[in-house]
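Everything on this sheet refers to the single structure shown next.
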Amino acid sequence: MRVVNVAVLRVLLALVLAGAGALLGAAVHWWVVQPSDAELVATARTVGLPGFAGQDQPQVTGAWAPSSARGVVHWDTTSPTPLSPAGTAVVAALEEQGWTVTESGRTWDVVATRPGRVLTVHLRTAPDGGTHASVSLERGPTTASLRALVVGGAATGGVVAAALAAAHARRRHLPGPPGRSGTITGWT
């Protein structure tokens with residue numbers, strides 16, 4: 001019965017440490033790997049759309065505490081330039097600013113990426129014949145993905161638990177001082 005208790009405790013320790021490692025991996029992804037709201041706003045302020053005059057300042061929208069949903073940065077702007085030339089100028093400007101344009105076309109929804117960031121510019125004809133742009137900037141794929149960090153954290157927690165169990169097993173069977181038993185009592 002005692003051997004079963006030790007085995008059960010070791011499995012529980014492994015599960016607890018693996019769970020803690022997975023949570024730590026998720027926290028690292030959330031707070032370290034992904035850009036923060038402030039970093040997204042700072043990036044948004046560097047985006048230049050030629051010929052567009054701002055109606056809004058970039059602001060974080062869609063974040064609702066205490067949910068795990070992260071917000072996006074959004075702003076609206078207009079240009080007196082007609083849709084097609086404005087769209088072409090936006091694509092060229094984004095590429096000059098270091099964005100990789102992954103999508104643009106007849107609908108003039110322009111999607112551009114940078115590491116960890118996705119910029120979407122929805123261009124539409126404005127009532128005055130100019131162009132309206134609704135711009136959003138959100139977190140994109142990162143080099144260290146959430147899945148990789150969670151799995152890595154869980155594996156690390158499991159390895160730590162196995163190392164602790166092995167150290168405990170070795171310590172229990174060390175010879176003691178003369179006249180004493182070699183078994184250490186306590187956590188079993």
Sole miss for residue 34 among (1) in contact (Cβ under 8 Å) with a residue 60 or more places away in the chain; (2) in contact with a strand residue (DSSP E or B) (Cβ under 6 Å, 6 or more places away or on another chain); (3) over 30 Å from residue 153 (Cα atoms) is condition (3)
Would you say residue 12 is part of a helix (DSSP H, G or I) and open to solvent by less than 50 Å² (accessible area, probe 1.4 Å)? no
In this structure, does residue 51 turn out to be modelled with pLDDT under 90, touching a helix residue (DSSP H, G or I) at 6+ places or on another chain (Cβ under 7 Å) and surrounded by 13 or more Cβ atoms within 10 Å (Cβ to Cβ)? no
Counting only residues in the range 18-48 that are of a type in the set (A, V, I, L, M, F, W, C) and open to solvent by 60 Å² or more (accessible area, probe 1.4 Å), the one nearest to residue 96 (Cα to Cα) is identified as 38
Restricting the range 131-157 to residues that are crowded, with 17+ Cβ neighbours inside 10 Å, more than 28 Å from residue 62 (Cα to Cα) and among the small types (Gly, Ala, Ser), which is farthest from the chain's Cα centre (by Cα)? 157
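The values are calculated or read from the model by the stated rules, or taken from the named source; none is laboratory data. For clarity, every value in this text was computed on a predicted model and none was experimentally measured. Using ideal geometry, Cβ is built from the backbone for each residue, glycine included, and neighbour counts are taken over all protein chains shown. Side chains are part of the model used for accessible areas, which takes the heavy atoms of the whole protein and leaves out ligands, DNA and RNA. Shrake-Rupley method; radii C 1.70, N 1.55, O 1.52, S 1.80 Å.
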